[in-house]
Every structure is written in C-alpha cells, then in structure tokens.
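Okay, structure first, notes after.
Nothing in this text is a laboratory measurement; each read-out follows from the coordinates by a stated rule. As the structure is a prediction and not an experimental result, all values here were calculated from the model. Cβ atoms come from the backbone with ideal geometry, glycine included; neighbour counts cover every protein chain shown.
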Amino acid sequence: MHEYSIIESLVDSVAAAVPNNATVHRIDVRIGEVAGVDCTLLATAFEVFRAGTLCERASMTIERIPAQWECPRCKNPIARGAFLRCASCNEPARLAAGDEIVLQRIELEVD
Amino acid sequence: MCKIDVQTRILARNDDTASHNRIHFLERGIFTVNVMGSPGSGKTAVLEATARAFDRRAIAALAGDLATDNDAARLQRAGIRSRAITTGQACHLDAELVHHELHHLDLSGVDYLFIENVGNLVCPAVYDLGQSANVVALSVTEGEDKPLKYPTMFAKADLVLITKIDLLPYLGTDLDAIQDALARVMPNPQVVLLSAREGYGIDSWLAWLTKSRDEIFSAAEVMA
C-alpha cells in the first residue's frame, strides 16, 4: 500500500506549486496502467490524507493512461498481451506510455 | 479561479534523491542491484550463496524489512557487510531511506552493493533507489503466472532469478510457462535458473553481475 506515500508526495508537490494564500479546488493526476499504482486505493488514500492539508477542500480526478508498448525502430504498436518484441524487427519493445505518476493540473483561487 | 498546468512527476523528490545516490555509487565504481521479490522468494539465500562463491570483501548489502534485522544479521554471518533498514509500516524502500543508511555502511573496496528490498511484488517497483539494475527473485513455488499478475515489477526487471529450482521434482512447475509469461511483460527477458542451497546457477548469476558491472563502467570510461 504505497498509495499513501504517493498522496503524501502529491500534497507536497501541490504545496510547492501554489502560493501560500491559495485555496485548492481541484487537482488532476495522470496514472499509467503499469506505473504500479492502484487508482481506487489512491482515491481512498487521498480522501483520508487530505484532511488538515491545503488539499482539504480539493477534489481529485485521476486520468488512467493505458500501457502502450511499441517497437523502438519501426514504431509499430505491440498488441496487448503479446510478446514484448517486434515481430518484424525483432527489437525488444519500448514503453511509449503507461508509466506516468504525474500531477497534471491544479485549480485554485488566490485570496 | 485559475488553473496551473504543472505536469510534474509526483515522486520527483524521491527521483532526485535516487539520482544523488546513483552518482555516489557510480563515482565509487559500485554496481548497485535492487533485489526484489515476494516474501520468501529466496532473496537473502541468493545473497548468502553469492557470498560463498565470490570475494566477500567486494560485496555489501542493505536489507529492508518492516520489522527485525534478521536478514542483515544473516548476511553479516555470511561475511557480507550489511545494514538493516526497518521501514515500520512502509511496504517498500525509498531513495531517502537508502541514502540515510549509506552513512552507516563502509563501502571502501566494495564493487557490488545489493539492496534487498521489502518482500513485495508491487510497491518496490515504483521507487527508484539509485540502483544500476533491478533483479527479481521468483521462486518455483510461486506459480507460473506471477509475471502476468504483477507486470510492473517484471517490466522493470533487468534479470529474473528463478529460485529454488532444486524443488522442481516435487512441484512439477512448468518453466516454459514462466518464460512465456515473462516474455509478455518484459521486453528483453533475461533469466537465470538457480538453487541457492545446491549452488546450481550461481556461476551464471555471478557472470551476469560481472558483465553488467563491466558494461556500465567501461561505458563510463569511454564517455570520460
């Protein structure tokens, strides 16, 4: 259950990005499918952890980014569940998307 | 109301500390391995067997667990300079925990540092510690489909040690099925079959370590 640690880092990241007198209303995060983060647990951790922080009155939306493997040479995508090697070039695939753990956007009001 | 586009990595602070650790290791010629795997997959036993077959003075270890310093004590008995990192409730090591413990570990003459992570196939994969390589211990008692169930852990692995293979005759584990599962979650699956108890595969594991260390440091020399 490292989702609590991630929320702790998220709140720190928000604090570093906004002015002291800001009220945070909403934060948008992007979580990749193979980032190793469970979105349901992350949402629960946020509900519990935000109390007493500058995110206390903020909502969080999570955008789930599907894993996308591709050949580094011909850029052809690898089908889901298939061997992670390009059938034509025989190159080991590269993860093009799906490992994000990113704070994307903050909506706030400054007093 | 205003919006700020931040687009920042949430674990940026951990990643910064990991980079700091990595530079520390590379400047000292230390090849650092993050050893991960389920509880009981044989991580400590592999390191004990490594100590039996290798120059122990060139090896050091940090052993992470929620509680007890049992693993570090085992490694110490095997002749490896070791320190325990007890995480309390945390299910993984992070770069800061490693950085803090490095101040208490004498790394003079060390070529290989093993960071034995908390036994867990999920959380440790998320945190960069500053390692040069990720190694996952997967024992034959765990079932063939573990890689498919925990794809993130295996996608990040540079090498998978299939451990306890001396138990194969009693279990009938299908090694081909494990290889098939690995190829669907690891772009370039590298596997060593190993029995820490009987010493089988230790030579291949040591050869992988030596080759991987040489690759990193010869590349660094070329760049310099």
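Annotations for the structure displayed:
- Euclidean distance between Cα centres, the range A:1-43 to the range B:127-141, Å: 26 Å
- Taking 15 Å as the cut-off, the amide N atoms of the range A:50-77 that come nearer than this to a point 7 Å along the Cα-to-beta-carbon line of A:R94 belong to A:68-77.
- For the range A:21-109, diffusion coefficient by Stokes-Einstein and Kirkwood Rh (Cα), 37 °C, 0.692 mPa s, µm²/s: 219 µm²/s
- Fraction in percent of alpha-carbon pairs per bin - 5 Å, the range A:45-94: 5, 19, 17, 9, 6, 5, 8, 10, 13, 6, 2
- Candidates B:H104, B:H20, B:H92: whichever shows maximal mean-square fluctuation once chain B is modelled as a Gaussian network with Cα springs under 10 Å: B:H104
- Kirkwood-type radius of the range B:124-224, with distances r between different C-alpha atoms, in Å: 14.7 Å
- The tail of the calculated P(r) for the protein assembly as shown, taken as Cα-Cα distances beyond 25 Å, holds 56 percent of the pairs.
- Modelled spin labels at B:C2 and B:N70, positioned 7 Å past Cα toward Cβ, are 5.6 nm from each other.
- Most simply put, the range B:78-214 has about 10% antiparallel DSSP beta bridges, counting only bridges with both residues inside it.
- Packing-based order for A:8-21, A:91-104, using average beta carbon neighbours within 10 Å, highest first: A:91-104, A:8-21
- As a rough guide to protection, the peptides B:3-9, B:143-149 ranked by mean Cβ packing within 10 Å, highest first, stand as B:143-149, B:3-9.
- Estimated purely from DSSP H runs of n ≥ 4, each contributing -39500 (n - 2.57), the mean residue ellipticity at 222 nm for the protein assembly as shown is -10000 deg cm²/dmol once divided by its residues.
- Fully extended contour minus Cα-Cα distance, from B:Q190 to B:D203, at 0.36 nm per residue: 3.2 nm
- The range B:65-110: projected area of the alpha-carbon convex hull, averaged over directions, in nm²: 3.5 nm²
- Counting, for every residue in B:9-16, the Cβ atoms of other protein chains within 10 Å of its Cβ and taking the mean gives 6.
- Cα convex hull, the range B:33-140: 93 Å³ per residue, rounded to a whole number.
- Protection proxy ranking, highest mean first, for peptides B:197-203, B:133-139: B:133-139, B:197-203, where packing is the per-residue count of other beta-carbon atoms within 10 Å, averaged.
- The P(r) of the range A:1-71 has a tail past 21 Å containing 27 percent of all C-alpha pairs.
- With the biggest extent put first, the Cα atoms of chain B measure 64, 46, 42 Å across the principal axes.
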